[in-house]
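Following this message is one structure expressed as structure tokens.
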Amino acid sequence: MQNLTKQFGSVRAVDDLTFDVSPGVVTGFLGPNGAGKSTTMRMMLGLDTPTSGGVTIDGKRYAELDHPLRQVGALLDARWVHPNRSARSHLRWMAAANRIPTRRVDEVLEIVGLTSVAGKRAGGFSLGMSQRLGLAGAMLGDPHTLLFDEPVNGLDPEGIVWIRSFMRHLAAEGRTVLVSSHLLTEMSRTADHLVVIGQGKLIADSSVEEFTARARSSVRVRSPRLPEVERALGAAGLAPTPGTTADGRTFLTVPDVTTDQVGDIVGAAGLPLHELVGDSASLEEVFMSLTAQSVQYHGGMTLQPGGAQQIPGADPTAGGPR
């Protein structure tokens, strides 16, 4: 996409957004609520018209594709299925509308694990089952490009692990896979590349490793000759901080450094090590840090130590109801 912009009245939901989604990898599409992810995906599929800029898939706008469902599969809303249609009937009319052989219906039902309920009304499905039916619809035309908006919503742990493997398998086949999600821990296990937006603007476009490397990291060191280790690290221009574990063992925390650097320094001094552990920030921590200024809605309740809750405007020293 190039310079993609969408204006709703006075609100700019997507603001001059430019990025590419490559085949062969799972690209995670991240951002706080209201960041513009769903609007962006809708414009990719021609469901919303850009105010300016545009999106192409294989060099064409979605409306220009000869066989859209065979080229692009999408799951944006798992509940859009008519509730009185069975899973099989729903997929059959999609297949007929796109000149896809009927046999493909049973193939995708088997892929997503819905064969046993293929004849049941979609209106009686749980959210997790609806997500699987939506995935079946996305895969119906065996497309090269796939767009998934929050695909793990409503899935149990087994289902989440399954869809993680499923998306990685699709990417391994050389397909282009873009998936948005609020489950950052899951994204860290699923995505190879990340596109992060906030208030409609691009914040990051990088690999997961490059993204998490933006955060400061530290190293924890234990040694039977800890004071000497501390002096050696200090002489190298580092700033180790002493600490003590719950069971009374002492250690050093060395900020803004890698385990390799600490190991080389301590090794050169001829000192023994009992522990050398790096502590890098998680995807969630880096995401929260980079998008802090882009969050549209903030909670009004702050959790206090010990579990007490502070309500804005309340006097914490005041007594109870009078």
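Give me the tail of P(r) for the chain as a percent: Cα-Cα pairs with distance above 26 Å. Walk me through the numbers before you get to the answer.
Numbers: 31280 of 51681 pairs.
Distances greater than 26 Å cover 61 percent of the Cα pairs.
First select every other residue whose beta carbon is under 12 angstrom from the beta carbon of Val21; then total the charges, Lys and Arg +1, Asp and Glu -1.
Residues near Val21 contribute -3 overall.
What is the fewest-to-most order of Trp162, Trp93 by other Cβ atoms lying within 10 Å of their Cβ? Spell out each step's value before the answer.
Values: Trp162 16, Trp93 12.
Least crowded to most crowded, the residues run Trp93, Trp162.
To the nearest 10 degrees, how steeply does helix 226-235 sit against the main Cα axis of the chain, on a 0 to 90 scale?
Rounded to the nearest ten degrees, it is 80.
Let me ask something else about it. Say each of Gln7 and Asp20 gets a label point 7 Å from the Cα, pointing the same way as Cα to Cβ; how far apart are those two points in nm?
Simple spin-label model gives 3.0 nm for this pair.
Along the Cα→Cβ direction, 7 angstrom out, place labels at Arg231 and Arg189. What is the inter-label distance in nm?
4.7 nm
Along the charge dipole of the chain, pointing to its positive end and built from +1/-1 on Cβ of Lys, Arg, Asp and Glu, which listed residue (Gly128, Ala96, Tyr62) has its Cα farthest out?
Value: Ala96.
At Thr258 and Trp162, where each label point lies 7 Å from the Cα along Cα→Cβ, what is the point-to-point distance in nanometres?
4.1 nm
Additional query: By counting other Cβ atoms within 10 Å of each Cβ, how are His144, His82 ranked from fewest to most?
Values: His144 17, His82 12.
Final ranking by Cβ density, sparse to dense: His82, His144.
Let me ask something else. Taking neighbour Cβ counts within 10 Å as the exposure measure, how do Phe8, Phe166, Phe29 sort from fewest upward? Don't skip to the answer; put the middle values down first.
Working: Phe8 11, Phe166 19, Phe29 25.
Placing the least packed residue first, the sequence is Phe8, Phe166, Phe29.
Assuming R0 = 35 Å, can you tell me the calculated FRET efficiency for the pair Asp58 and Lys120, based on Cβ-Cβ distance, to the nearest 0.05?
Details: r = 36 Å, r/R0 = 1.03.
Calculated transfer efficiency: 0.45.
Please report the relative contact order for the chain, taking Cα pairs under 8 Å with a sequence separation of at least 6, and give it as a percent rounded to a whole number. List each step's numbers first, then the result.
On the way: 581 pairs, mean separation 64.2, N = 322.
It comes to 20 percent, rounded to a whole number.
Now for a different question. Run through the DSSP bridge list for the chain and note the antiparallel percent, rounded to the nearest 5.
Percent antiparallel among DSSP bridges in the chain is about 65.
To continue, here is another question. Ordered by residue, what ³J(HN,Hα) values in Hz, to whole numbers, does segment 43-59 give under the Karplus form 6.51 cos²θ - 1.76 cosθ + 1.60, where θ = phi - 60° and Gly and Pro are x?
5, 4, 9, x, 7, 10, 9, x, 5, 7, x, x, 10, 10, 10, 6, x
Still on this structure: Sequence gap at least 6, Cα distance under 8 Å: using those rules, report the relative contact order of segment 1-96 to the nearest whole percent.
Values: 89 pairs, mean separation 23.7, N = 96.
25 percent.
Angle between the Cα long axis of helix 103-112 and the longest principal axis of the chain, 0 to 90 degrees, nearest 10?
20 degrees
At what distance in angstrom do the alpha carbon centres of segment 2-39 and segment 160-202 lie from each other?
Using only Cα atoms, the two centres lie 15 Å from each other.
Related question: Do the sum for the chain: with -39,500 (n - 2.57) for every DSSP H run of n ≥ 4, divided by all residues, what is the mean residue ellipticity at 222 nm, to the nearest 500 deg cm²/dmol? Don't skip to the end; give the middle numbers.
Details: 11 runs with 103 residues, N = 322.
Calculated mean residue ellipticity at 222 nm is -9000 deg cm²/dmol.
What is the helix-to-structure angle for 157-172, meaning the angle in degrees between its Cα long axis and the longest Cα principal axis of the chain, kept from 0 to 90 and rounded to the nearest 10?
80 degrees
Here is a further query. Could you tell me the relative contact order of segment 218-279? Use alpha-carbon pairs under 8 Å, at least six residues apart, and round to a whole percent.
On the way: 101 pairs, mean separation 31.9, N = 62.
Contact order relative to length: 52 percent.
Read-outs throughout are calculated quantities, based only on the coordinates presented, and are distinct from any laboratory measurement. Computed from a prediction, not measured in an experiment: that's the story for all the values here. Note: ideal-geometry Cβ built from the backbone for every residue, glycine included; neighbour counts use all protein chains shown.
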